[in-house]
Protein chains: 2
Amino acid sequence: MSGPKKAKRGIPNKSDFNAWYPAIVEIADLVDKRYPIKGMDVWKPYGLKSMNLIDGLARREMARTGHEEHRFPLLVPEDLLEKENRLVSRLKAARAAGVDPNELRIDEEESGFKKEVYWVTKGGENELEIPMFLRPTSETPMYTMFALWVRSHADLPLKTFQIVNTFRYETKQTRSFIRVREIHFFEAHTVHANKEGADAQIEEDADMVQSIMHDLCLPSLVSKRPVWDTFPGAWYTKAADVIMPNGRTLQVATYHHYKDQWAGAFDLTYEDSDGSTKPCHQTTFGMSERLLGAVVGMHGDDNGLIMPPAVAPIQIVIMPIAQHVDPNVMKAVHALSDELNTAGFRVHVDERDLRPGAKHFDWEIKGVPLRVEIGPRDLASSSCLVSIRTGGKEQLPLDGFNNSARKLLDSMASTLRSNAQTIADGLVHTFPGFVKGDDDTLIVNEPIVDGFVYELAFDGSDSDAEILEKSTGLTLLGESDTPFPEPTPCAVTGKLTTRRQHIARMY
Amino acid sequence: MSGPKKAKRGIPNKSDFNAWYPAIVEIADLVDKRYPIKGMDVWKPYGLKSMNLIDGLARREMARTGHEEHRFPLLVPEDLLEKENRLVSRLKAARAAGVDPNELRIDEEESGFKKEVYWVTKGGENELEIPMFLRPTSETPMYTMFALWVRSHADLPLKTFQIVNTFRYETKQTRSFIRVREIHFFEAHTVHANKEGADAQIEEDADMVQSIMHDLCLPSLVSKRPVWDTFPGAWYTKAADVIMPNGRTLQVATYHHYKDQWAGAFDLTYEDSDGSTKPCHQTTFGMSERLLGAVVGMHGDDNGLIMPPAVAPIQIVIMPIAQHVDPNVMKAVHALSDELNTAGFRVHVDERDLRPGAKHFDWEIKGVPLRVEIGPRDLASSSCLVSIRTGGKEQLPLDGFNNSARKLLDSMASTLRSNAQTIADGLVHTFPGFVKGDDDTLIVNEPIVDGFVYELAFDGSDSDAEILEKSTGLTLLGESDTPFPEPTPCAVTGKLTTRRQHIARMY
């Protein structure tokens, strides 16, 4: 690949995160935002390579767990939605019958869907008889086909995934990777013979998310979303949220347990070994380019990106020094580059006719983990000088540099992980609690500070949650996977509970 | 991956190609055509794997030639077309001024474009102010951005590509891979400082196409398309066509030399080293899932697919025989599988509890190049029995089987290449020539036989070509890259020429 043509300046300080983030995605050449539709960025080669490497992590997990890659059509005819509407109606009826009181919220979801998609209404000059929408996700097209594929218990479990472009008619402010209108999306959909199969799948999903987050060096909060924030048709929804440096949380992965709720709507049944017909149980697991947004936002600094080694398009850049003075320099550079390439590292040799300082500056912006200089003085000692993107320099022998590089990258990943954990921990405050105002209203004890996530014990009802959200202006992420070790008084009701929850401003 | 659940029967004879092709794509589990929009198939894992391997060949060529992968938005606002229309108007004006007489054909192209795209007219419940279309190809979105990216001669050449979904509102009969409405598409777009740069790019494109066709074991006709079949805005268009077994030609790759014609419309200029502003020269190179259609159609037989080793999702399937009788069988099977995997082969072990005959039957349908059986008798002689998909069996030593497998796959690829060449050659007939009818009309000397491509010397004008096409009902592919060695009389005008051309029924 060709390096950046010239050093680019004008990176805002990262302390001003809301200025830094939108600037760095363009300065580091991940995307170009000048395409004439807002929220539809052009992926530049460096950004696309990072994203492809993140996709590679997802594919690795999918292969390990026996999911197979499919690709479903982008366009969905409107009439396929009837099944989905049927599902929503059924749930409504069930809830009206006393199972759950959130009728109104379901209504919002139902009409909300049509508000959030792009509609294809014309083919050529013809109005289409049945309008089609661009998939926001693929439940409808997939489950239509699954109903044809699943016949007997021998067809189960069916474990599928796809990595595709999805669309959302976004009316809020768009942000590269975080809130876009064409979304690079990963979705896995599974079908099981029974609830236990789907339960186990949810466990597997949680495990895969953690494995990917480990490689991305990102800590996350894992929560079970409140009922009203559960995906329509899901029994429950779990999500991983990354706390970004400005204290807002970014939902980067969700997994939904559908039980047999969708199966009813799509006639997804199978013949069991005893000849009986049974409904299938299903799950969905979704991630997107937001993972790259979290990587950019969490790890970067005032000098640019810092790419975790697992997804750095270039892990090691080699810079010859004074190569015109000593012809052995380029020989050594190419020998090292070949050796590292063969060992499986992603390496780039920067032969541009620029001062070393300018090169360092460029590769710092791009967040390359290791920058290696080789000049005549280094050759004299058969060594090279390595600058580590998270800080520090080491003079290391050329002999066996493979192993040194591997260790440096591993250690850099650990540093990123612990730095990110420190940042995230520092952004989580304990909720200050309520005092009773006049006429029994609840008032937050201390002013809510913008830029923090608040942790609290919460065991209240939906209306208690509404009080919590309204009085703080924050959103309930849901019940944490990590309960309090000791019973703690619920912030609203005061009753003792170990249910740890978080409220935050969500992206 | 899991194998097919049971042997599927009902493959039509390949001699009835028009029945065989649409059947085999589903029987071999490449796609499912039951999605409720015609021409939008669901890619099943086996089909998607083949396609990904074909994409891998394209990416290999792109990396070798210094093209970088980008990704541009799918949606194009209608007003961006103004530039394209300006281009077409300019060309029209130029041609009206005597440069070229094909004004009418250009008009058709202009209005044809809008007839062939899907239009997004609504976002949620709002009519969009400016309708957007789903890209059929990406000239308009790309060149809008290129005009921002290219400033000086140092930015050139700009060599880009993307692999994306494109769309075409297809009104003709759809066929999997061959004529679909959502198209898995490869497109490379380059920008050069001058015509010579673009000339060299066209040579490089031709070379890349041949390299890919070699791996796919497909012979092709390379032709310069007639003016009226040239891509709008192109100076000239070259194409590679595969002659399918039914004698119809399938255009699988095109490359276009734009000179500086698009640059004018998109203000694509650069500052040269002398400070002057110059227009850029451009080329485009396109391929699609049709490559997979050609592979399926050309190589398959009455028993199913035959996958060229370079793009076979499974190159070698290993089948244990009587493994319940002798525990050493599975040990040997896994040892061989591990060894072949490590050596870079794509291997699958078929442990299903089925008769060997049923397994052979399944893997023949899927076109797996080599099927290896290992049973107690084979172990006694430390060997295995290999069935080759193009015919023949060999008993080979397990020791050093790596090398044997490599040789067998290479030899099988050669067989496929020569079989395909023989098929294609047999489908090309010499054009029988014309006789003068009453009132000087031309009548083809012998009846044109459906299912053949005709070769002829042709050096006539556009109206001569029209006579040729009308009187034969076939389409002129254009001037072959391989001229006649000796001057030969033009089929229409009778004047001597070495220009070899082909007429055919095109897909």
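The values are calculated or read from the model by the stated rules, or taken from the named source; none is laboratory data. Owing to the predicted nature of the structure, the values given are computational and were not obtained by experimental measurement. No Cβ is skipped: glycine too gets one built from the backbone with ideal geometry, and neighbour counts run over all protein chains shown.
Checking A:Glu196 against (1) surrounded by fewer than 23 Cβ atoms within 10 Å (Cβ to Cβ); (2) within 14 Å of another protein chain (Cβ to nearest Cβ): exactly one of these is not met. Which one?
For A:Glu196, the exception is condition (2).
Could you go through the range A:206-218 and let me know if any residue there is charged (D, E, K, R), in the same structural domain as A:Val120 (by TED's automatic domain parsing) and under 12 Å from the mean Cα position of the chain (by Cα).
Scanning the range A:206-218 turns up no residue that is charged (D, E, K, R), in the same structural domain as A:Val120 (by TED's automatic domain parsing) and under 12 Å from the mean Cα position of the chain (by Cα).
Taking only the range A:167-182 into account, find how many residues are within 23 Å of A:Met62 (Cβ to Cβ) and surrounded by fewer than 21 Cβ atoms within 10 Å (Cβ to Cβ).
0
Restricting attention to the range B:282-322, and to residues there that are outside any strand (DSSP E or B) and among the small types (Gly, Ala, Ser), which single residue is farthest from B:Arg179 (Cα to Cα)?
Among them, the one singled out is B:Ala322.
Kindly establish whether A:Thr269 is of a type in the set (Ser, Thr, Tyr) and out of contact with any His (no Cβ under 6 Å at 6 or more places or on another chain).
Considered against the rule, which asks whether it is of a type in the set (Ser, Thr, Tyr) and out of contact with any His (no Cβ under 6 Å at 6 or more places or on another chain), A:Thr269 comes out as yes.
Kindly evaluate B:Pro232 against the criterion of being in contact with a strand residue (DSSP E or B) (Cβ under 8 Å, 6 or more places away or on another chain) and assigned by TED's automatic domain parsing to the domain that holds B:Thr166.
no
Per-residue answers, yes or no, for (1) more than 22 Å from B:Ile314 (Cα to Cα); (2) of a type in the set (Gly, Ala, Ser):
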{"position": "B:Arg406", "(1), (2)": "no, no"}
{"position": "B:Thr415", "(1), (2)": "no, no"}
{"position": "B:Ala420", "(1), (2)": "no, yes"}
{"position": "B:Ile423", "(1), (2)": "yes, no"}
{"position": "B:Val444", "(1), (2)": "yes, no"}
{"position": "B:Asp459", "(1), (2)": "yes, no"}
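Only one residue in B:Phe285, B:Phe345 is out of contact with any Pro (no Cβ under 8 Å at 6 or more places or on another chain), of a type in the set (Phe, Trp, Tyr) and in the same structural domain as B:Lys49 (by TED's automatic domain parsing), so which one is that?
That would be B:Phe285, the only listed residue that is out of contact with any Pro (no Cβ under 8 Å at 6 or more places or on another chain), of a type in the set (Phe, Trp, Tyr) and in the same structural domain as B:Lys49 (by TED's automatic domain parsing).
For the range B:404-463, how many residues meet the condition of being in contact with a Pro (Cβ under 7 Å, 6 or more places away or on another chain) and closer than 18 Å to B:Asn246 by Cα?
Number satisfying all stated conditions: 5.
Looking at the range A:421-433, which of its residues are among the polar types (S, T, N, Q) and outside any helix (DSSP H, G or I)?
Across the range A:421-433, the qualifying residue is only A:Thr430.
With respect to A:Val428, determine if the residue is under 27 Å from A:Ala310 (Cβ atoms) and surrounded by 14 or more Cβ atoms within 10 Å (Cβ to Cβ).
For A:Val428, the condition - under 27 Å from A:Ala310 (Cβ atoms) and surrounded by 14 or more Cβ atoms within 10 Å (Cβ to Cβ) - is met.
Among A:Val295, A:Val252, which is the only one that is within 30 Å of B:Glu68 (Cα to Cα), buried (at least 23 other Cβ atoms within 10 Å of the Cβ) and without any contact (Cβ under 8 Å) to a residue 60 or more places away in the chain?
Of A:Val295, A:Val252, the one residue that is within 30 Å of B:Glu68 (Cα to Cα), buried (at least 23 other Cβ atoms within 10 Å of the Cβ) and without any contact (Cβ under 8 Å) to a residue 60 or more places away in the chain is A:Val252.
List, please: which pairs have Cβ atoms under 6 Å, are six or more places apart or on different chains, and start with a residue in the range A:56-81 that is in the same structural domain as A:Phe133 (by TED's automatic domain parsing) and end with one that is among the aromatic types (Phe, Trp, Tyr) and outside any strand (DSSP E or B)?
A:Pro73/B:Tyr35
Can you find, within the range B:255-273, the residue that is farthest from the chain's Cα centre (by Cα) among those that are part of a strand (DSSP E or B) and farther than 22 Å from B:Asn85 by Cβ?
The qualifying residue farthest from the chain's Cα centre (by Cα) is B:Glu271.
If we scan the range A:409-420, do we find a residue that is assigned to a loop (DSSP other than H, G, I, E, B), surrounded by 14 or more Cβ atoms within 10 Å (Cβ to Cβ) and out of contact with any helix residue (DSSP H, G or I) (no Cβ under 7 Å at 6 or more places or on another chain)?
No - not one qualifying residue is present in the range A:409-420.
Residue-by-condition table, conditions (1) of a type in the set (D, E, K, R); (2) under 28 Å from A:Val117 (Cα atoms):
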| position | (1), (2) |
| --- | --- |
| A:Gln162 | no, yes |
| A:Glu170 | yes, yes |
| A:Thr174 | no, yes |
| A:Asn194 | no, no |
| A:Glu204 | yes, no |
| A:Val209 | no, yes |
| A:Cys217 | no, no |
| A:Ser223 | no, yes |
| A:Pro226 | no, yes |
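From the residues in the range B:26-48 that are part of a helix (DSSP H, G or I) and either over 16 Å from the mean Cα position of the chain (by Cα) or hydroxyl-bearing (Ser, Thr, Tyr) (or both), which one is nearest to the other protein chains (Cβ to nearest Cβ)?
B:Pro45
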